[in-house]
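Read the structure below first, then the notes.
The values are calculated or read from the model by the stated rules, or taken from the named source; none is laboratory data. If you're wondering where the values come from, they're calculated on a predicted model, not measured in any experiment. Note: ideal-geometry Cβ built from the backbone for every residue, glycine included; neighbour counts use all protein chains shown.
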Amino acid sequence: MTAIEKSTGFLVVRTARSMKKALDTRLGEVGVTAAQQTVLSTLGRDDGLSLTEIGNRVFLDKPAITGLIDRLEQDQLVERRRSSTDRRVINIFLTPKGRSLLTRMEEISTQVDEAITGVLSPEELRVFRTCLTKLWESANGSPSDKV
């Protein structure tokens, strides 16, 4: 193993890619990707966000969010509406079809996560998630005292 292959960043990215691939495969059963599910879940918690707000919450830039929303709108899972307070702002809302997919997508996400993380004990998983949160906050200049 090379030094880069032993690095924490490499191991995290490699693991995240494998987990995303498994999630994409399963979410394909309901016609969405992991990235699309993240957007739909965000809207499920807080419907009517602007493109910028969605992008900030899911850590994607405006071109990436625009493409995702275009595809979700084409599949009739979301709809765009002009803001009533600022006509320049377009807010994104779940459609009934999009809302009906949320429960199934959450079930799939939980199943994939449990299948992959099942090799860890509950305590190991708790510690691992705490460590990942601390590393993310460190990489993004956030205090880790909230963990």
Considering only helices (runs of 4 or more DSSP H) fully contained in segment 1-109, which possess at least 2 residues that are touching a residue at least 60 places away in the same chain (Cβ under 8 Å)?
8-27, 34-45
Please go through segment 28-72 and pick out each residue that is on the phi > 0 side of the Ramachandran plot and of a type in the set (A, V, I, L, M, F, W, C).
Phe59
Conditions (1) surrounded by fewer than 18 Cβ atoms within 10 Å (Cβ to Cβ); (2) among the hydrophobic types (A, V, I, L, M, F, W, C); (3) over 25 Å from Arg129 (Cβ atoms): number failed by Leu68:
(1)
Ile92: passes all of (1) within 18 Å of Asp46 (Cβ to Cβ); (2) out of contact with any helix residue (DSSP H, G or I) (no Cβ under 7 Å at 6 or more places or on another chain); (3) modelled with pLDDT of 95 or more; (4) β-branched (Val, Ile, Thr) but (2)
Answer yes or no as to whether Thr52 is within 17 Å of the chain's Cα centre (by Cα), at pLDDT below 95 and either surrounded by 11 or more Cβ atoms within 10 Å (Cβ to Cβ) or over 25 Å from Lys21 (Cβ atoms) (or both).
yes
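So that you can scan it fast, the table gives a plain yes or no per residue for (1) more than 12 Å from the chain's Cα centre (by Cα); (2) surrounded by fewer than 19 Cβ atoms within 10 Å (Cβ to Cβ); (3) basic (Lys, Arg):
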| site | (1), (2), (3) |
| --- | --- |
| Thr33 | no, yes, no |
| Ser41 | no, yes, no |
| Pro63 | yes, yes, no |
| Glu73 | yes, yes, no |
| Val78 | yes, no, no |
Restricting to segment 95-147, name every residue that is of a type in the set (S, T, N, Q), at pLDDT 95 or above and under 17 Å from the mean Cα position of the chain (by Cα).
Ser109, Thr110, Gln111
